[in-house]
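Visitor: If you scroll down you'll find the structure; I have some questions about it.
Computed from the coordinates by the stated procedures, all read-outs in this text should not be read as laboratory data. The structure displayed is predicted, hence computed values, not measured ones. Every residue, glycine as well, gets a Cβ built from its backbone with ideal geometry; the counts of neighbours run over all protein chains shown.
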Amino acid sequence: GYLPANMDRRESTLKRKRKEYFAFVEQYYDSRNDENHQDTYRQIHIDIPRMSPEVLRLQPKVTEIFERILFIWAIRHPASGYVQGINDLVTPFFVVFVCEYIEEEEVENFDVSSLPEEVLQNIEADSYWCMSKLLDGIQDNYTFAQPGIQKKVKMLEELVSRIDEQVHRHLDQHEVKYLQFAFRWMNNLLMREVPLRCTIRLWDTYQSEPEGFSHFHLYVCAAFLVRWRKEILEEKDFQELLIFLQNLPTVHWGNEEISVLLAEAYRLKFAFADAPNHYKK
Amino acid sequence: ISRNTMPGTSLEGIHPTYIYKVVLLGSTSVGKSSLAYRYVKNDFKESLPTVGCSFFTQTLNLEAATIKFEIWDTAGQEKYHSVCHLYYRGAHAALLVYDITNKETLNRAKLWLRDLEKEFLPDEIVIGLVGNKTDLAAEREVATEEGKEFARTKGLLFMETSAKSNHQVNDIFMAIAQELLQREREKTSIPSPHGWSTVNLGESGVRTRCC
């Protein structure tokens, strides 16, 4: 995360960062209806009620917090601003921080507003900084024309062509383009492809990996695609293939599936670590 | 369009199958995904903002032909505009969707039209203008006449719909299908050098994709 490695400095850093965040809120949040910011705010305001999971979006307290986090981030990062999909990225952090105060089973029907105001403020600030840290590593995903995503989808394609030529050729033969399914994998870091509990497990590893959300994520995506090789090779039709790839059956996935996926991703990473040019043609 | 023809059920290709790519374009939150979902699943649910593009299919068995629609539902936020052309390339039809309770979304639909006009010749693509959310009549900002008149001057199909209350959703897709078939007929009625008036089955099943 964004905390210093030295344990002694953590508490003070945390305090300082929380203060800093609320200073931003004070400084910027009132400008959300100004002419030059109202489009950003309006877009965020439209998207928040459309987020998942339902339990969160139905709570006014939560939508208020998310709107603030996203607006402040967008204002402070004018190169990209707010892009749909970024709103998803707050959720895993928020849920993890909330879970510190409740039993895990409760998260399905938990009333966030029952937490003390001070706790909620800390959760908000901590979620903001975690999300900021994450986005720092992948900001070119969200700048004009989303070059980061275009580049990563290309890299994924090349990587897959190396590790499983049969799958790669099958997709190519049926004219399925990687951009048609993997754009979302990059834009939302697989959040839309697996259940929230799996995203949290996955990101936990990303955070402990250097360049986890940018570089290691590629190996995870490659492992994720190849994980479905049997199903992919059975589909002999463009339409069926694309529908399958956009709606992968992961509803019942849990830690075990993610562990297997990560193990495979590590294997790929090390296989290519000594030859980084392997996935470039 | 004939390259999207697949073998018909009879030797003469009397009942051909056509694959048509339809792309949904329009501002954020006007109901593009909901229209696609209503049309394909006949249901309504709040959907997450679309990222990149979602893909749906629907098959229509008509008397004259079978039509397989490939529906490309795009993300509405302007930030995604730069990747959107990747999705509408090669489309046979486009639905420009606006929200009748939000005037600005009609203006955006007009901009989309300008984009399409740059990319396609008029006879290359069927375009429909769709005013969605008629269930919110009390909040209406765009008069029916206004959409209709704009569509008329630009030669677009026009319909007002509600994905939520299932108003005219099938109808607009049906209108698109009929128009595409009509164009197919006009094309094939021009006699070829051999005097054939059916589509060229020799090219059946061949498809080109650009995105």
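Visitor: Could you line up A:Tyr142, A:Tyr2 from fewest to most neighbouring Cβ atoms inside 10 Å? Walk me through the numbers before you get to the answer.
Guide: Values: A:Tyr142 23, A:Tyr2 14.
The fewest-first ordering by Cβ neighbours comes to A:Tyr2, A:Tyr142.
Visitor: Let me ask something else. What nm value, rounded to one decimal, do you get for the distance between B:Thr66 and A:Arg229 when each label is placed 7 Å out toward the C-beta?
Guide: Taking the two extended label points, one gets 3.3 nm.
Visitor: For chain A, find the longest principal axis of its Cα atoms and tell me its angle to the long axis of helix A:60-76, 0 to 90°, nearest 10.
Guide: 80
Visitor: Cross-link candidates for B:Lys103: which lysines have Cα within less than 26 Å, leaving aside residues fewer than 8 places away along the same chain?
Guide: B:Lys32, B:Lys45, B:Lys79, B:Lys118, B:Lys133, B:Lys148, B:Lys154, B:Lys164
Visitor: Also, I was wondering about something else. Loop sites only, by DSSP: take the GluC sites (Glu not before Pro) in chain A that have at most 11 other C-beta atoms within 10 Å and name the longest stretch containing none of them. The partial results should precede the final answer.
Guide: On the way: sites that count: A:Glu35, A:Glu100, A:Glu103.
The answer is A:104-281.
Visitor: Pulled fully out, how much extra length does the chain show between A:Thr143 and A:Ala23, if you take 0.36 nm times their separation in residues and subtract their Cα-Cα distance? Let's see the in-between values first.
Guide: On the way: separation 120, 0.36 × 120 = 43.20 nm, distance 2.58 nm.
Full-extension gain reported as 40.6 nm.
Visitor: Would you please classify the overall shape of the protein assembly as shown from the alpha carbon gyration tensor, given that a ≥ b ≥ c denote the square roots of the eigenvalues, rounded means a/c under 1.5, and beyond that prolate means a/b larger than b/c while oblate covers the rest?
Guide: Numbers: a/c = 2.29, a/b = 1.46, b/c = 1.57.
The shape class here is oblate.
Visitor: So how do A:Ser52, A:Ser80 line up by other beta-carbon neighbours within 10 Å, fewest first? Kindly include the intermediate steps, with their values, before the conclusion.
Guide: Values: A:Ser52 16, A:Ser80 20.
If I rank by nearby Cβ atoms, fewest first, I get A:Ser52, A:Ser80.
Visitor: Sum -39500 (n - 2.57) across every DSSP H segment of at least 4 residues in chain A, then divide by the residue count to get the 222 nm mean residue ellipticity, nearest 500. Intermediate results must be reported in sequence, preceding the final value.
Guide: Details: 14 runs with 180 residues, N = 281.
Roughly -20000 deg cm²/dmol at 222 nm, from the helical runs in chain A.
Visitor: Quote to one decimal, in nm, the extra length available between A:Val55 and A:Lys154 on full extension: 0.36 nm per residue of separation minus the C-alpha distance between them.
Guide: Working: separation 99, 0.36 × 99 = 35.64 nm, distance 3.62 nm.
Once the chain is fully extended between A:Val55 and A:Lys154, it gains 32.0 nm.
Visitor: So, one more: Along each principal axis of its Cα atoms, how long is the stretch A:7-137 end to end? Whole angstroms, biggest number first, please.
Guide: Over the stretch A:7-137, Cα extents along the principal axes are 42, 38, 27 Å.
Visitor: A follow-up question, please. Taking the radius of gyration and the Kirkwood hydrodynamic radius from Cα positions alone, what is the Rg/Rh ratio for the stretch B:17-186, to two decimal places? Mind showing how you got there, number by number?
Guide: Numbers: Rg = 14.7 Å, Rh = 15.8 Å.
With Rg and the Kirkwood Rh in hand, the quotient comes to 0.93.
Visitor: Could you list the GluC sites (Glu not before Pro) in the stretch B:76-143 that lie in coil according to DSSP, counting only those with at most 15 other Cβ atoms within 10 Å of their Cβ?
Guide: Details: sites: B:Glu78, B:Glu104, B:Glu117, B:Glu119, B:Glu124, B:Glu139, B:Glu141; in loops: B:Glu141.
Taking the stretch B:76-143 and a limit of 15 other Cβ atoms within 10 Å, the loop GluC sites (Glu not before Pro) found are B:Glu141.
Visitor: If you fit an axis through the alpha-carbon atoms of helix A:117-136 and take the longest principal axis of the Cα set of chain A, what angle between them do you get, 0 to 90°, nearest 10?
Guide: The answer is roughly 40 degrees.
Visitor: Right, something else. In nm, give the distance between the simple-model label positions of B:Asn170 and B:Glu124, each being 7 Å from the Cα along the Cα-to-Cβ direction.
Guide: According to this spin-label approximation, the distance is 3.4 nm.
Visitor: Lysine pairs in chain A with alpha-carbon atoms under 12 Å apart, 8 or more places apart or on different chains: how many are there? Walk me through the numbers before you get to the answer.
Guide: Details: A:Lys151/A:Lys280; A:Lys152/A:Lys280; A:Lys154/A:Lys177; A:Lys154/A:Lys280; A:Lys154/A:Lys281.
The result is 5.
Visitor: Tell me the trypsin sites (Lys or Arg not before Pro) within the stretch A:200-256 that lie in a loop according to DSSP and have at most 12 other beta-carbon atoms within 10 Å.
Guide: Details: sites: A:Arg201, A:Arg227, A:Arg229, A:Lys230, A:Lys236; in loops: A:Arg227, A:Lys236.
Here the trypsin sites (Lys or Arg not before Pro) that fit, given the DSSP loop and packing criteria, are A:Lys236.
Visitor: 7 Å from Cα along Cα→Cβ at both B:Lys154 and A:Asp204: what's the point-to-point distance in nm?
Guide: Label at B:Lys154, label at A:Asp204, 5.1 nm between them.
Visitor: So what's the angle, to the nearest 10 degrees on a 0 to 90 scale, between helix A:178-187 and the longest Cα principal axis of chain A?
Guide: Approximately 30 degrees, to the nearest 10.
Visitor: At most 16 other Cβ atoms within 10 Å and a DSSP loop assignment: could you name the trypsin sites (Lys or Arg not before Pro) in the stretch B:56-113 that fit? Present the calculation step by step, with values, prior to reporting the outcome.
Guide: Details: sites: B:Lys68, B:Lys79, B:Arg89, B:Lys103, B:Arg108, B:Lys110; in loops: B:Arg89.
Those satisfying the criteria are B:Arg89.
Visitor: Moving on. For a Förster distance of 45 Å, can you work out the FRET efficiency between the beta-carbons of B:Lys110 and A:Asp8, rounded to the nearest 0.05?
Guide: Values: r = 61 Å, r/R0 = 1.35.
Step by step, r from the Cβ atoms, then E = 0.15.
Visitor: What does the average come to when, for each residue of peptide A:173-181, you count the partner chain Cβ atoms lying within 10 Å of its Cβ? Walk me through the numbers on the way to the answer.
Guide: Values: counts 0, 2, 5, 1, 4, 0, 6, 8, 3.
What the average comes to for A:173-181 is 3.
Visitor: What shape does the stretch A:182-279 take by its C-alpha gyration tensor, where a ≥ b ≥ c are the square roots of the eigenvalues and a/c under 1.5 counts as rounded, a/b above b/c as prolate, and the rest as oblate? Working shown, then result.
Guide: On the way: a/c = 1.83, a/b = 1.29, b/c = 1.42.
Cα axes put the stretch A:182-279 in the oblate bin.
Visitor: A further question on this structure: Give me the three principal axis extents of chain A from the C-alpha atoms, as integers in angstrom, largest value leading.
Guide: The Cα atoms of chain A stretch 55, 44, 37 Å along their principal axes.
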